[in-house]
1. Has segment 65-84 got at least one residue that is basic (Lys, Arg) and closer than 20 Å to Phe138 by Cβ?
2. Keeping to segment 93-121, report how many residues are open to solvent by 30 Å² or more (accessible area, probe 1.4 Å) and either modelled with pLDDT of 90 or more or not charged (D, E, K, R) (or both).
3. Please return the ranges of helices (runs of 4 or more DSSP H) entirely within segment 1-72 where 3 or more residues are among the hydrophobic types (A, V, I, L, M, F, W, C) and open to solvent by 90 Å² or more (accessible area, probe 1.4 Å).
Amino acid sequence: MDKIRNSRLFRLLGALEFRLLELSLAALVVMNGVGVFTRYVMNNALGELFEIMILLSVATYWLGVATAERLGGHLGMDLLMATLSGKPRAILEFVRRAVIVGFLAVVVYSGTRLTMTQYRFATNSGILDMPLWIFSVFIPIGGLLLAWRVVFAPRREPHLGGTV
(Lines give C-alpha, C1' and ligand atoms only; values in the text may rest on other atoms or scores of the structure.)
Protein backbone atom coordinates (compact mmCIF):
# COMPACT_ATOMS: atom_id res chain seq x y z
CA MET A 1 0.00 0.00 0.00
CA ASP A 2 2.88 2.39 0.74
CA LYS A 3 4.30 1.77 -2.72
CA ILE A 4 0.98 2.81 -4.26
CA ARG A 5 0.73 5.90 -2.03
CA ASN A 6 4.21 7.02 -3.06
CA SER A 7 3.66 6.40 -6.78
CA ARG A 8 3.75 9.27 -9.23
CA LEU A 9 0.16 8.61 -10.35
CA PHE A 10 -1.11 8.67 -6.76
CA ARG A 11 0.63 12.00 -6.09
CA LEU A 12 -0.70 13.40 -9.37
CA LEU A 13 -4.27 12.38 -8.49
CA GLY A 14 -3.86 13.92 -5.04
CA ALA A 15 -2.66 17.19 -6.56
CA LEU A 16 -5.53 17.10 -9.07
CA GLU A 17 -7.97 16.62 -6.21
CA PHE A 18 -6.67 19.76 -4.48
CA ARG A 19 -6.77 21.78 -7.71
CA LEU A 20 -10.38 20.73 -8.39
CA LEU A 21 -11.38 21.80 -4.90
CA GLU A 22 -9.51 25.08 -5.19
CA LEU A 23 -11.10 25.86 -8.56
CA SER A 24 -14.53 24.88 -7.32
CA LEU A 25 -14.27 27.01 -4.21
CA ALA A 26 -12.87 29.95 -6.17
CA ALA A 27 -15.73 29.66 -8.66
CA LEU A 28 -18.26 29.57 -5.81
CA VAL A 29 -16.72 32.68 -4.22
CA VAL A 30 -16.74 34.58 -7.52
CA MET A 31 -20.30 33.50 -8.33
CA ASN A 32 -21.44 34.51 -4.86
CA GLY A 33 -19.83 37.92 -5.28
CA VAL A 34 -21.46 38.40 -8.67
CA GLY A 35 -24.79 37.25 -7.24
CA VAL A 36 -24.61 39.74 -4.38
CA PHE A 37 -23.60 42.55 -6.75
CA THR A 38 -26.38 41.87 -9.23
CA ARG A 39 -29.01 41.47 -6.54
CA TYR A 40 -28.21 44.47 -4.35
CA VAL A 41 -26.53 46.90 -6.74
CA MET A 42 -28.26 46.09 -10.02
CA ASN A 43 -31.57 45.03 -8.39
CA ASN A 44 -31.67 41.99 -10.65
CA ALA A 45 -31.05 38.57 -9.11
CA LEU A 46 -29.62 35.94 -11.42
CA GLY A 47 -31.51 32.72 -10.72
CA GLU A 48 -29.28 30.83 -13.13
CA LEU A 49 -26.22 31.73 -11.07
CA PHE A 50 -27.87 30.58 -7.86
CA GLU A 51 -28.76 27.25 -9.44
CA ILE A 52 -25.18 26.66 -10.61
CA MET A 53 -23.90 27.52 -7.13
CA ILE A 54 -26.20 24.96 -5.50
CA LEU A 55 -25.26 22.21 -7.96
CA LEU A 56 -21.54 22.96 -7.75
CA SER A 57 -21.77 22.99 -3.95
CA VAL A 58 -22.93 19.35 -3.97
CA ALA A 59 -19.89 18.26 -5.97
CA THR A 60 -17.55 20.38 -3.86
CA TYR A 61 -18.94 19.04 -0.59
CA TRP A 62 -18.52 15.36 -1.43
CA LEU A 63 -15.06 15.78 -2.85
CA GLY A 64 -14.14 18.01 0.10
CA VAL A 65 -15.14 15.55 2.82
CA ALA A 66 -13.09 12.83 1.14
CA THR A 67 -10.11 15.18 1.00
CA ALA A 68 -10.58 16.13 4.64
CA GLU A 69 -10.49 12.46 5.64
CA ARG A 70 -7.32 12.02 3.61
CA LEU A 71 -5.73 14.72 5.74
CA GLY A 72 -7.24 13.43 8.99
CA GLY A 73 -9.42 16.46 9.51
CA HIS A 74 -12.96 15.09 9.36
CA LEU A 75 -15.38 12.64 10.94
CA GLY A 76 -13.31 11.98 14.02
CA MET A 77 -13.83 12.03 17.76
CA ASP A 78 -10.58 13.83 18.48
CA LEU A 79 -11.30 14.85 22.06
CA LEU A 80 -12.15 11.33 23.13
CA MET A 81 -9.46 9.74 20.96
CA ALA A 82 -6.79 11.97 22.47
CA THR A 83 -7.60 10.73 25.98
CA LEU A 84 -7.49 7.03 25.11
CA SER A 85 -4.60 4.75 24.30
CA GLY A 86 -4.00 1.11 23.52
CA LYS A 87 -6.91 -1.29 23.16
CA PRO A 88 -9.73 1.17 24.06
CA ARG A 89 -8.47 3.57 21.42
CA ALA A 90 -8.26 0.77 18.83
CA ILE A 91 -11.82 -0.34 19.63
CA LEU A 92 -13.14 3.21 19.39
CA GLU A 93 -11.31 3.69 16.08
CA PHE A 94 -12.89 0.49 14.74
CA VAL A 95 -16.36 1.66 15.83
CA ARG A 96 -15.71 5.07 14.26
CA ARG A 97 -14.76 3.51 10.95
CA ALA A 98 -17.66 1.03 11.01
CA VAL A 99 -20.23 3.79 11.63
CA ILE A 100 -18.78 5.98 8.89
CA VAL A 101 -18.63 3.13 6.37
CA GLY A 102 -22.19 2.08 7.23
CA PHE A 103 -23.44 5.61 6.66
CA LEU A 104 -21.45 5.90 3.44
CA ALA A 105 -22.86 2.61 2.14
CA VAL A 106 -26.33 4.17 2.37
CA VAL A 107 -25.08 7.39 0.73
CA VAL A 108 -23.41 5.50 -2.14
CA TYR A 109 -26.47 3.29 -2.69
CA SER A 110 -29.00 6.12 -2.63
CA GLY A 111 -26.69 8.48 -4.56
CA THR A 112 -26.19 5.87 -7.27
CA ARG A 113 -29.93 5.27 -7.55
CA LEU A 114 -30.57 9.02 -7.68
CA THR A 115 -27.96 9.53 -10.39
CA MET A 116 -29.22 6.58 -12.45
CA THR A 117 -32.81 7.80 -12.17
CA GLN A 118 -31.86 11.33 -13.20
CA TYR A 119 -29.91 9.95 -16.15
CA ARG A 120 -32.64 7.49 -17.20
CA PHE A 121 -35.40 10.09 -17.11
CA ALA A 122 -33.19 12.91 -18.46
CA THR A 123 -33.97 15.09 -15.45
CA ASN A 124 -32.71 18.62 -15.96
CA SER A 125 -32.32 21.59 -13.67
CA GLY A 126 -35.16 24.05 -13.54
CA ILE A 127 -33.63 27.25 -14.85
CA LEU A 128 -30.61 26.26 -16.94
CA ASP A 129 -32.01 22.97 -18.23
CA MET A 130 -28.73 21.19 -17.38
CA PRO A 131 -28.63 17.42 -16.75
CA LEU A 132 -28.72 16.95 -12.96
CA TRP A 133 -26.91 13.61 -13.00
CA ILE A 134 -23.66 15.41 -13.89
CA PHE A 135 -23.66 16.94 -10.41
CA SER A 136 -25.36 14.07 -8.56
CA VAL A 137 -22.69 11.60 -9.67
CA PHE A 138 -20.35 13.26 -7.17
CA ILE A 139 -22.44 11.89 -4.30
CA PRO A 140 -21.56 8.21 -4.88
CA ILE A 141 -18.06 9.05 -6.15
CA GLY A 142 -17.30 11.15 -3.08
CA GLY A 143 -18.88 8.54 -0.81
CA LEU A 144 -16.78 5.74 -2.32
CA LEU A 145 -13.60 7.81 -2.13
CA LEU A 146 -14.33 8.69 1.48
CA ALA A 147 -15.10 5.06 2.37
CA TRP A 148 -11.85 3.95 0.74
CA ARG A 149 -9.92 6.48 2.77
CA VAL A 150 -11.69 5.61 6.01
CA VAL A 151 -10.97 1.90 5.60
CA PHE A 152 -7.55 1.83 3.96
CA ALA A 153 -5.84 5.10 4.78
CA PRO A 154 -4.31 5.42 8.23
CA ARG A 155 -5.90 8.18 10.27
CA ARG A 156 -3.53 11.09 10.51
CA GLU A 157 -3.80 13.39 13.47
CA PRO A 158 -1.38 16.26 13.01
CA HIS A 159 -2.47 17.98 16.21
CA LEU A 160 -1.68 14.81 18.16
CA GLY A 161 1.81 14.42 16.77
CA GLY A 162 1.01 12.56 13.53
CA THR A 163 2.19 13.56 10.10
CA VAL A 164 0.22 14.80 7.16
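The values are calculated or read from the model by the stated rules, or taken from the named source; none is laboratory data. Note that the structure is predicted; figures quoted are calculated from it, not measured. Don't worry about glycine lacking a Cβ; one is built from the backbone with ideal geometry, like all the others, and counts go over all protein chains shown. Side chains included, ligands, DNA and RNA excluded: accessible areas come from the protein's heavy atoms. Shrake-Rupley method; radii C 1.70, N 1.55, O 1.52, S 1.80 Å.
1. Looking through segment 65-84, at least one residue is basic (Lys, Arg) and closer than 20 Å to Phe138 by Cβ.
2. Total satisfying the criteria: 19.
3. Hits in segment 1-72: 8-40.
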